[in-house]
Structure formats: structure tokens, C-alpha cells
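Below: one structure, written as C-alpha cells.
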């Protein structure tokens, strides 16, 4: 069942990548965001219902939310940004041409601010509950090597549409989120930090049409 739960988003993402026309930029349209939102709500609800019937409860995968989680989230977000910048600078120092090509992907589109806000409320909960809450406590067994395989690897595969940005951005963040979660068992700071990052990116697109 773990393969089905974690593999479905990966399979659909890879199919979408295969069907996408080749271009050097990524279009984040209202249609794309809406389709993703519908999938996450439908699939997330189905998985939630199944896991609940199997005895899973939220308190088993995360400590209770507190106001201090908002401050923790700010720290998680800032350290995540520093980690991404460090990895990017390291790659640039090793191979400048490769780094420039990898970081040259651009996002275009004019999503509505309303839809952008809804997506940033749903997507972080869906992804972190799946790639951390379920993957780590389910097939990962809270063991670091297994957790990396079941959590970080599929997270990166789902974001392959971003090209090499998935390596520079998603992989370091996935590892950082995993480490923080294994150490604290707090999911909400990660969810909030993820939402903050998504909100900044999507609102920038909504206002400027490019990022």
C-alpha cells in the first residue's frame, strides 16, 4: 500500500513531465494550479480516510501545534534558504556553466492571488503530511536511510518538472525538513515554512507574471 500511496503522485508527475512540450520555462497557469489542487484534495482525503481506518492519528505523526511553531517555522524557512544558497554556491564553484544552466529555469504565468493563497494553504499540508508524516512513520520506520528513500527521493521526483532546480532546491530542502522532523517530531513548523515559500513565489507570479 505504501508504494501506491507514495507512488501515485510520482507516477502522475512523471506522466505530466513526459507529456509536457519542451521549453526552457515553466508555465504556472490557473488551470495547472487548479488541477493540482483538486488532485491533492481528492487524493489527500482518500489517503487520510484509509489511514484513519487503519488506526493512524495526527498526534502520532506530529506534536500538537503551538504559537511558538510560527517562530520555529521562520527559523526553518531561513535556514532552508541558507542551505539552498550554500548548495548553489558550491555547485557554481565546482562547475559554473552547469550551475548557470541549472538555475536558469524561469516560471511564468498570472495565477490569481486568491488561487495562490488557497494552494499555499493546501499544498504544504498535503506534501509534508505525505513525504514526512506518512513516509517517515510508515515505510521509513523513522530510520534515516529508509526515510531518505521514501521521503526525499519521491519528493524530488515529483518536482522534476523544475529541471535541475529539483536538485539545487528541492533535494536540500527535503533533507533539511527530514532532519528537522526526525529531531523534533514537529510537522507544523515545516508546513508553515513550506507555505511561506510557496506564497512568496506564487504571489510574485501573480503580480509580475514571472519569477
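Quick note: the coordinates plus some simple rules give every number you see, no bench work behind them. As the structure is a computational prediction, the values presented were derived from the model and not from experiment.
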Taking Cα atoms, how many degrees apart are the long axis of helix 113-128 and the longest axis of the chain, rounded to 10 and kept between 0 and 90? 50
Mind jotting down the distance between the C-alpha centroids of region 143-211 and region 68-83, whole Å? 13
By how many degrees, between 0 and 90 and to the nearest 10, does the Cα long axis of helix 171-184 differ from the longest principal axis of the chain? 20
Run lengths n ≥ 4 of DSSP H only: what is the helix-derived mean residue ellipticity at 222 nm for the chain, with -39500 (n - 2.57) per run over all residues, to the nearest 500? -21500 deg cm²/dmol
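Given Cα pairs under 8 Å that are at least 6 residues apart, what percent is the relative contact order of the chain?
36
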Report D for region 9-82 in µm² per second (integer): Stokes-Einstein, Kirkwood Rh on Cα pairs, 20 °C, 1.002 mPa s. 133
Shape of region 39-101, Cα gyration tensor, a/c cut at 1.5: oblate
With a ≥ b ≥ c from the Cα gyration tensor eigenvalues, square-rooted, and the rule rounded for a/c under 1.5, otherwise prolate when a/b > b/c and oblate otherwise, region 114-197 is oblate
Using Cα atoms only, what is the angle between the long axis of helix 68-94 and the major principal axis of the chain, expressed in degrees (0 to 90) to the nearest 10? 40
